[in-house]
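Each remark here refers to the structure printed beneath this line.
Any read-out appearing in this document is the output of simple, stated calculations on the displayed coordinates, not a laboratory observation. On a predicted model such as this, the values are computed, not experimentally measured, just so you know. Reconstructed Cβ throughout: ideal geometry from the backbone, glycine too, with neighbour counts over all protein chains shown.
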Amino acid sequence: MKLVDDAITTAGSLPDYFVIGGKLRRADEAITVLDPGSGARLADMPMGTPADVDEAVATAKAAFASWRSLEPKARGKLLWHIGDAIEAKRDPLALVEALDTGKPHKDALASVDRTADFFRYYGGMVDKLEGTSIPLGEGKVCFTEKVPIGVTGHITPWNVPISMVARGLAPALACGNTAVIKPAEDTPLSTVLLVQVLEEAGLPSGVVNVVTGAGSVVGQHLCEHRDVGHLTFTGSVGTGQLVMTAAATHLASVTLELGGKSPHLILADADLDKGVSIILNGAFKNAGQICSAGTRLLVEAGRHAELLDRLARAVQDMTLGHGLTNPDMGPLISARQLQTVAGFTDRARAAGADITTGGNPASVAGYEAGFYFEPTIINDVAPDSELAQSEIFGPVLSVLPVADLDEAIAVANHSDFGLAAAIQTRDISKAMRYARAVNAGQVFVNGYHNAGDTVPFGGMKASGIGREKGLEALDAYTETKAITVSY
Ligand code: ADP
């Protein structure tokens, strides 16, 4: 396929290895990585083993002493320099990311930019990780220090691979920790390349290691490893529970960013001229494969018919295609995910759902073997139904009519999840009432995903534990040591 072949040539060769202590490692067994846009084979990545994980953790452990004791200013400067090195590799990294995930090329470029920014942001924090002084009276001095944990494990998902690695890795390194990464089976390529960029920029070998392979083998063993002090995981609720259970066997701390079914409330006074694109962006960005996607659209009586009509017309104009052609929406990640998403719409259809638009796998000319699904809107979804309760992780927007703000708050909170929530209204009092009342780690008013990467992000209830991004993320990668001196 010419488009794909040209992109690979431009990006340079794709990796067929992982990296431990700066050394490229291959294995007898491989996982085939596909281009979701064409279904074609992209690369064969090594199937790591528990022994590889042991070696990676031992390497990270050995690198810890000198990394943690590097002068903060020097560590900060290096992380900032890494940001620049990532930016210098922006084009090849984004091409690989677009190929591996299927996302539109412009979104892959944005992901690489965010990756660079994570290193700069946390690089700027290295010499500001201050402790406190606690008054204990005459004859004593008491102060606290923020100390690194040691080896941190990072298990990442397939939807936004490169920037999700960075959002955990950058604060972990800033605090003086070392790391072992286990990327998702479907999308390991950019992570391996990123580790090489870090080392080329001057990061000592062994500070960051990556082992590719099966989650149930490499991921599980990393979580169970007694020398891993903290685990950062982004993925499904069920796997998050396995990670936490394994971490509990040796009392490692965890950051878990899990699923969501985020409510997006449109009050009758909302500015729909702006609102329609905000809704579609919130629901269909990355083909809906975002944990914090706004997938439950709560619409106040009065604007329901008008909004539905405007959404349906806007969806008709959306382009679907291979990520490298820069469409509005790319494919889903895999045939398995396509089947999962189609399962939800098939069951809904069988139960008599009112499908406004979409609801089926799609075919893109020239890319018939790609994993495409139509942007889908389903009307009059009942708050208790599967479509309102389960995370679909695809481009499926459920519309739930509500009578007023009070009912909307009740419906919004009727969920196991609590990752994000949004409201569109011109009434600031209603916006604030909603923002305070919803159970969600982030709330967006008159926008969606309008916060950015310096704002704490994470979930309540089944959506997770802990916060990533912003200064709060640093808490996960340090422990407080209190030192008391009697004199
Ligand atoms: P999905 O089912 O959509 O692939 P997961 O939550 O299972 O989502 O995957 C997220 C990450 O967790 C991936 O890197 C995957 O390999 C990893 N993973 C899967 N199973 C385990 C496990 N038992 N322990 C640790 N990591 C795992």
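Normalised by 2.2 N^0.38 Å, with N the number of residues, the alpha-carbon radius of gyration of the stretch 219-271 equals 1.68. Over 25 Å apart: what share of the alpha carbon pairs of the stretch 94-212 falls there, rounded to a whole percent? Tail of the P(r) past 25 Å holds 31 percent of the pairs. Taking 0.692 mPa s as the viscosity and 37 °C as the temperature, the Stokes-Einstein diffusion coefficient of the stretch 166-280 based on its alpha-carbon Kirkwood radius rounds to 199 µm²/s. Size estimate for the stretch 341-452 follows the Kirkwood approach: the inverse of mean 1/r over distinct Cα pairs works out to 15.7 Å. Treating each Cα of the stretch 444-487 as an identical point scatterer and summing with the Debye formula, the log10 of I(q)/I(0) at q = 0.26 Å⁻¹ comes to -0.99.
Cross-link partners for LYS106 among the lysines, with Cα-Cα distance under 18 Å and sequence neighbours closer than 8 places in the same chain left out: LYS89, LYS285.
Give me the Debye-computed log₁₀ of I(q)/I(0) at q = 0.26, 0.28 Å⁻¹ for the stretch 329-407, equal point scatterers on Cα only, no solvent, two decimals. At q = 0.26, 0.28 Å⁻¹ the computed log10 ratios are -1.25, -1.39. Its Cα gyration tensor gives the stretch 24-177 an equivalent ellipsoid, and the semi-axes of that ellipsoid, as √(5λ) in whole Å with the largest first, are 37, 20, 12. Computed over the Cα atoms of the stretch 136-193, pair by distinct pair, the Kirkwood hydrodynamic radius stands at 13.4 angstrom. Within the stretch 69-158, all pairs of alpha-carbon atoms sorted by distance into 10 Å bins from zero give the percentages 15, 29, 27, 17, 7, 4, 1. Axis of helix 335-350 versus longest Cα principal axis of the chain: the two differ by about 30°, to the nearest ten degrees. Both radii come from the Cα set of the chain: Rg as radius of gyration, Rh as Kirkwood radius; their ratio Rg/Rh reads 0.99. Principal-axis analysis of the Cα atoms of the chain puts helix 2-11 at an angle of about 30° to the longest axis. Annotation for SER133 and THR325: the two label points, set 7 Å from Cα along the Cα-Cβ direction, are 6.6 nm apart. Note on the stretch 157-187 and the stretch 247-314: Cα centroid distance 25 Å, given to the nearest whole angstrom. Diffusion coefficient of the stretch 236-302 by Stokes-Einstein, Kirkwood radius over Cα pairs, 25 °C, 0.890 mPa s: 172 µm²/s. As a rough guide to protection, the peptides 230-240, 62-72 ranked by mean Cβ packing within 10 Å, highest first, stand as 230-240, 62-72.
Taking the Cα of ASN360, stepping 7 Å toward and past its beta carbon, and measuring to each backbone N in the stretch 312-349: which are under 15 Å? Correct set: 342-343, 345-347, 349. Building the convex hull from the alpha-carbon atoms of the stretch 1-101 and averaging its projection over directions returns 8.0 nm². If R0 equals 51 Å, the separation of the Cβ atoms of SER486 and ARG41 corresponds to a calculated FRET efficiency of about 0.15.
Packing, as the average of other Cβ atoms within 10 Å across residues, places the peptides 74-81, 323-330 in the order 323-330, 74-81, highest first. Helix 50-68 and the longest principal axis of the Cα set of the chain meet at an angle near 60°. On the principal axes of its alpha carbon atoms, the stretch 395-461 extends 35, 27, 24 Å, with the longest extent given first. Ranked by the mean number of other Cβ atoms within 10 Å of their residues, highest first, the peptides 261-274, 341-354 fall in the order 261-274, 341-354.
Expressed to the nearest 5 percent, the antiparallel share of DSSP beta bridges inside the chain is 45 percent. Its alpha carbons give the stretch 25-72 an Rg and a Dmax of 16.8, 48 Å. Taking all C-alpha pairs of the stretch 251-362, those more than 16 Å from each other amount to 68 percent.
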